[in-house]
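Some notes on the structure that comes next.
The values are calculated or read from the model by the stated rules, or taken from the named source; none is laboratory data. Only a predicted model underlies this, so the values are computations on that prediction, with no experimental measurement involved. Cβ placement follows ideal geometry from the backbone for every residue including glycine, while neighbour counts extend to all protein chains displayed.
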Amino acid sequence: MTFYGKVMDRMNKSNQISDYRGGRIHLIGIGGSSMSGLAEMLIDQGYRVSGSDRDEGYLIHHVREKGGQVMIGHCAGNVHGADLVVYSAAIPADNPERVEADRLGIPSIERAVLLGQLMAGFKKSVGICGAHGKTTVTSMISQILLETGKDPSIAIGGRLDAIGGSTRVGHSDIFVAEACEFNRSFLQLRPTVAVVLNIDADHLDCYKDLDEIEETFGMYLRLLPEDGIAIGNGDDPRVRRQIEKLHCRKAFFGLRAENDWFPEQMEEDSFGCITFLLRHRNEAPLQVRMAVPGSFNLMNGLAAIAAADELGVPAERSAEILGRFSGAHRRFEKTDEIDGVEIFHDYGHNPTEMRNALSIARKRCKGRLWAVMQPHTFSRVRTLFDQYLTCTETADFTLVTDICAAREPDPGDLNSGMIVEGMLRNGINAKWTPTFDDTERWLRSNWRAGDLVLTMGCGDINLLNDQIHRHETEKK
């Protein structure tokens, strides 16, 4: 076929997922938290799914269990026979599979475009965004809707026991999804309900500064229709500023009484779980007990109750369900107890999230607290370097593994040893344990009964927990 013929052939092919029902959809980067979930959703909707990833990630086996074909490693031949190619924002244009798809005239779309297409047509499209808490709040809302018979479609960037995974195909007019700001992906969505949890400095590899991040959140909010609603953290001045500019309906949650939803008489138990009276405008106060610890989870609960109220669930029912909500996987999740030592994992991967996770661990810990950090991406470490140097100060000991490069090449001028050196200067008892084997050996040689170990990161640091569990099982 001539070049002109290839161009015309490609122009005649659709980029709409709905036009390929029963066809083969190939996902490049299928092991990611969102991509793996979308792969499972496509399989549930009758598509044939294949995909590839650089490494054998922990989510890939879920795709295979559903019937998806997954290849490890990227090569041109993987896309042969595909009807449509989907790639994550982390996959560069020179990836051999993207290049081959382009050469063959196979239509290609980015992950966020696919999510936007799957959400299109739903009367109530709920997009939850923010630098922190997206997965937890999406999970909270999802569990509330499921237990109240709302039958939603769901796309979460984590795994939730209530739906047996990270996605669900429902049969109502509600679609609930995380709306991620990385690479401006959430601008591909068309929400009717937008929930904004916070605006903070992250993903500075694709944003100039925090002001540009805020403006992009504003662009996302402006996608709301006139009859839509923005639900935002009224205590965050950047969130409030952007929502106040809108002409659609608005609702604010937060700790201050100026918000539409706010708590009073807060009491915290020994595990950090908070009981409070929920106030909503002039309605009678409602007692709420959070089953997940931390003041940030109180804020997450307020967001979930406010969003569920907009979707027709009374606050009383939401509060009852949140009293049983135990969290999504990889969110302060207990994985083991060995030698009297509790071992947890948390997905937190920037300094703010790590500090929050450690605040919970500190309350629970009866002995010494071990923070095990896997820094994620060289660009994030570089832009937030100074914050990394103090975010584990609550812990008694900090172990830092090698940086998880994820989508990035090693620049050669940044490593975890530099983080540890800075931590030591700040009075933190830190040690560089490059590999999981190094880290496990150090922990087992030094922990004692009553200690608590918390591994943190959104890369593959959870595999350290799996490794520790496997080795302990093999000893028995």
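See the values below:
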{"read-out": "Test: Ser166 is modelled with pLDDT of 90 or more, in the same structural domain as Val239 (by TED's automatic domain parsing), in contact with a strand residue (DSSP E or B) (Cβ under 7 Å, 6 or more places away or on another chain) and within 29 Å of Ala405 (Cα to Cα)", "value": "no"}
{"read-out": "Sole residue being under 29 Å from Ile274 (Cβ atoms) and outside the structural domain of Ala90 (by TED's automatic domain parsing), chosen from Val372, Val400", "value": "Val372"}
{"read-out": "Failed item in (1) surrounded by fewer than 23 Cβ atoms within 10 Å (Cβ to Cβ); (2) in contact with a Leu (Cβ under 7 Å, 6 or more places away or on another chain); (3) within 24 Å of Leu189 (Cβ to Cβ), with Ala230 passing the rest", "value": "(1)"}
{"read-out": "Scan of region 70-117 for residues that are part of a strand (DSSP E or B), in contact (Cβ under 8 Å) with a residue 24 or more places away in the chain and over 21 Å from Asn183 (Cα atoms), ordered by number", "value": "Val70, Leu84"}
{"read-out": "Unique match (being buried (at least 21 other Cβ atoms within 10 Å of the Cβ) and either part of a loop (DSSP other than H, G, I, E, B) or out of contact with any helix residue (DSSP H, G or I) (no Cβ under 8 Å at 6 or more places or on another chain) (or both)) among Pro293, Pro263", "value": "Pro293"}
{"read-out": "Glu65, sole failed condition from (1) surrounded by fewer than 24 Cβ atoms within 10 Å (Cβ to Cβ); (2) not in a helix (DSSP H, G or I)", "value": "(2)"}
{"read-out": "Residue that is modelled with the lowest pLDDT [pool: residues in region 332-375 that are of a type in the set (Gly, Ala, Ser) and either in a helix (DSSP H, G or I) or closer than 19 Å to Leu463 by Cβ (or both)]", "value": "Gly348"}
{"read-out": "Candidates Thr377, Thr439, Thr401, Thr394, filtered to the one that is under 27 Å from the mean Cα position of the chain (by Cα) and either surrounded by fewer than 20 Cβ atoms within 10 Å (Cβ to Cβ) or without any contact (Cβ under 8 Å) to a residue 40 or more places away in the chain (or both)", "value": "Thr394"}
{"read-out": "Total residues in region 296-310, condition over 19 Å from the mean Cα position of the chain (by Cα) and surrounded by 21 or more Cβ atoms within 10 Å (Cβ to Cβ)", "value": "3"}
{"read-out": "Checking Asp402 against (1) over 21 Å from Glu337 (Cβ atoms); (2) among the charged types (D, E, K, R); (3) at pLDDT 95 or above; (4) out of contact with any helix residue (DSSP H, G or I) (no Cβ under 6 Å at 6 or more places or on another chain), the condition it does not meet", "value": "(4)"}
{"read-out": "Failed criterion for Gln242 (all others in (1) farther than 16 Å from Ala307 by Cβ; (2) polar (S, T, N, Q); (3) more than 18 Å from the chain's Cα centre (by Cα); (4) not in a helix (DSSP H, G or I) hold)", "value": "(4)"}
{"read-out": "Inter-residue pairs, beta-carbon under 6 Å, first at positive phi and in region 131-158, second modelled with pLDDT of 95 or more and in a helix (DSSP H, G or I), 6+ apart", "value": "Gly133/Asn300"}
{"read-out": "Unique match (being within 21 Å of Arg407 (Cβ to Cβ), surrounded by fewer than 18 Cβ atoms within 10 Å (Cβ to Cβ) and acidic (Asp, Glu)) among Asp44, Asp94, Asp19", "value": "Asp94"}
{"read-out": "Residue, modelled with the highest pLDDT, within region 266-282, restricted to residues that are in a loop (DSSP other than H, G, I, E, B) and surrounded by 19 or more Cβ atoms within 10 Å (Cβ to Cβ)", "value": "Cys273"}
{"read-out": "Within region 409-437, tally of residues that are charged (D, E, K, R), assigned to a helix (DSSP H, G or I) and closer than 22 Å to Thr383 by Cβ", "value": "2"}
